[in-house]
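The values are calculated or read from the model by the stated rules, or taken from the named source; none is laboratory data. This is a predicted model, so every value here is computed, not measured. Every residue, glycine among them, receives a Cβ derived from its backbone with ideal geometry; neighbour counts consider all protein chains shown. For accessibility, only protein heavy atoms count, side chains too; no ligands or nucleic acids. Shrake-Rupley method; radii C 1.70, N 1.55, O 1.52, S 1.80 Å.
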Amino acid sequence: MNKERKLIIAGNWKMNKTVAEALALVKGLKLELTNVREVDIVVCPPFTALAEVSKAILDSDLRLGAQNMSEHNFGAFTGEIAAGHLKEFFVRYVILGHSERRQHQKESDELIAKKARAAHAAALRPIVCVGETLAEREGGLMEKVLETQVRGSLAGLTSEQMGETILAYEPVWAIGTGRTATAAQAQEAHAFLRGRLAAMFDAGLARRVRIQYGGSVKPSNARELMEQPDVDGALVGGAALDVRSFSDIIKNSI
Ligand code: PEP
């Protein structure tokens, strides 16, 4: 597939996989995905499996991501994980502002922006998630919600930092529901987001930023989604927990 930007496909394992299960999954992915150069492939295990997965993928093209981090540096923040902890395991990406954290941990755009700045300060690349709920979409508020989220969650990033940030459009109604946005719906939202980036930064930078789609991506719908001009990859939840489905998503996207 001929794309303007290199595809980036990341697996968000959420609160799944023991260390043994995580190792079995990456072992399978390594076998399936040797010599895939067209796509940046990222796995985001739970914190508890980062150390072992990090060692297991050293000799592969898989890259490591985390699912969250603190906005603070090392210190008295019980139960939190600092960017410095992630760096110990050669983590390169960190998912920030996932809708599950926005919902359950009440993460605000302001907090997500602080985390994004902290990630960049540690040379980690944030994958910043935005997306509207079904009620917001049906109420005609999609653009307003996305605009508020991008402005708030990316606040204070320099152009250079934005260039190293990945944006993930994840309509909340499509996450874990089996209900995928149509390719046209995804393209419309991605084009809107790219337009907002152009307004906040500049058009040249907006053209370089990769925007992932997330929400019930499967082997059967990956290709059509990735063919959209403004869709530059995927953030995959459920289908990333299985060697066959995650590797087929990647193979079908090339
Ligand atoms: C996600 O959690 O980021 C996600 C997109 O989940 P799923 O693929 O299961 O919808």
Under a GNM of the chain (C-alpha, springs under 10 Å), which listed residue has the highest mean-square fluctuation: 162, 15, 69? 15
Taking the alpha-carbon set of the range 122-254, what are its Rg and Dmax in Å? 14.4, 40
Run the numbers for residue 254 and residue 220: contour at 0.36 nm per residue of separation, minus the present Cα-Cα distance, in nm. 10.9 nm
Over its alpha-carbon atoms, the chain yields an Rg and a Dmax in Å of 16.8, 49
Using the Kirkwood radius over C-alpha pairs as Rh, can you work out the diffusion coefficient of the range 20-121 via Stokes-Einstein at 37 °C, viscosity 0.692 mPa s, in µm² per second? 224 µm²/s
Cross-link pairs beyond the 22 Å C-alpha cut-off, checked among 3/218; 3/251; 6/218; 27/115; 14/87: 27/115
For the chain, what is the accessible area per residue in Å², given a 1.4 Å probe and the full set of protein chains? 44 Å²
Dimensionless Rg over Rh [the range 98-189; C-alpha; Kirkwood]: 0.98
Can you give me the % of accessible surface on the chain that is carbon or sulfur? Probe 1.4 Å, all protein chains present, nothing else counted. 52 percent
Cα-based Kirkwood hydrodynamic radius, the range 151-203, one decimal, Å: 12.5 Å
9 Å beta-carbon shell around residue 94, net charge (K/R +1, D/E -1): +3
Computed P(r) (all Cα pairs; the range 188-254; 5 Å bins; percent): 4, 18, 25, 20, 13, 11, 7, 2, 0
Based solely on C-alpha atoms, express the radius of gyration and the Dmax of the range 1-41 in angstrom. 12.8, 38
